[in-house]
1. Could you order the peptides 114-127, 93-106, 159-172 from most to least packed, using the average number of other C-beta atoms within 10 Å per residue?
2. Could you tell me which of Leu71, Ala40, Ala92 has its Cα farthest along the dipole of the stretch 28-103 towards the positive end, charges placed at Cβ (Lys, Arg +1; Asp, Glu -1), taken about the Cα centre?
3. Let me check I've understood the local charge: for Ala40, count other residues with C-beta under 9 angstrom from its C-beta, Lys and Arg +1, Asp and Glu -1. What total comes out?
4. If you average the sequence gap of Cα pairs under 8 Å that are 6 or more apart and divide by the length of the stretch 60-122, what percent do you get for the contact order?
5. Once amide H atoms are built 1.01 Å from N in the peptide plane, which residues 5 or more positions from Tyr13, or in another chain, come under 5 Å H to H?
6. Show the residues, 5+ positions off or on another chain, whose built amide H is closer than 5 Å to the amide H of Phe100.
Amino acid sequence: ITERNGNPIESTYLNRGVGELLHENRSEDLNNIDIIEEPAIYLGWWFDHYGHFMTETLSRHFALAKASGRLALFHAPYGKKNSHFDYIFENACGSKPIFFTKPTLLKNTIVPEPAFIPRREVYSAFNSFALNCDVRENNKIHAPVYFSRRYLPSNKIDDDEHAKAEKLLSESGFLIVYPEFLSVSDQQIIFNSHDYFCGYIGSALHTVIS
């Protein structure tokens, strides 16, 4: 995203820590562009990777509460493959995501700062999507939970190894969970109703931040 004179807007960059700002350098034909006249809010990059979706795609969602009625705009630099994440976003934020498909002139758009920046900082506003779900579950279940990475597209472990681990843990009384297939509120119910959790380090455990 740039200003009319072509200067980049730094607050729209993907921020991965101190001094690490990411953006796309692309040249586009600006003779044929879309125009969005409606009030909108730019919410950043859309990731199909579960962990980065939970932390970075949702990092500006808190501003939707103060920008009621604005279009929720996203940039999907790596393409958009997992439609289930649309459901997670709508369930958590109450808005339908809209994506750029070509160069677009935005007439009335605000750009909030991210509330979660990997390797740098996180603000309390980041947790608002979890609070908005308003999930309360007082009935504790003693079965421990195993968060599996088996179906994540970035999975680097052989499926047979995952299956063996899941079978062994299931026979030992563990509940096997694939968090990327659950809504945020369903994930909260699991965290609120169980005491013990385990899994491979990585994306399957990102929900613990909320």
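Values in this text are rule-based calculations from the coordinates and carry no lab data. All values derive from a computational prediction rather than experimental measurement. Using ideal geometry, Cβ is built from the backbone for each residue, glycine included, and neighbour counts are taken over all protein chains shown.
1. 114-127, 93-106, 159-172
2. Of the listed residues, the answer is Ala92.
3. +1
4. 39
5. HN-HN under 5 Å from Tyr13: empty list.
6. Close amide H contacts, sequence-distant or interchain: Phe74, Ala76.
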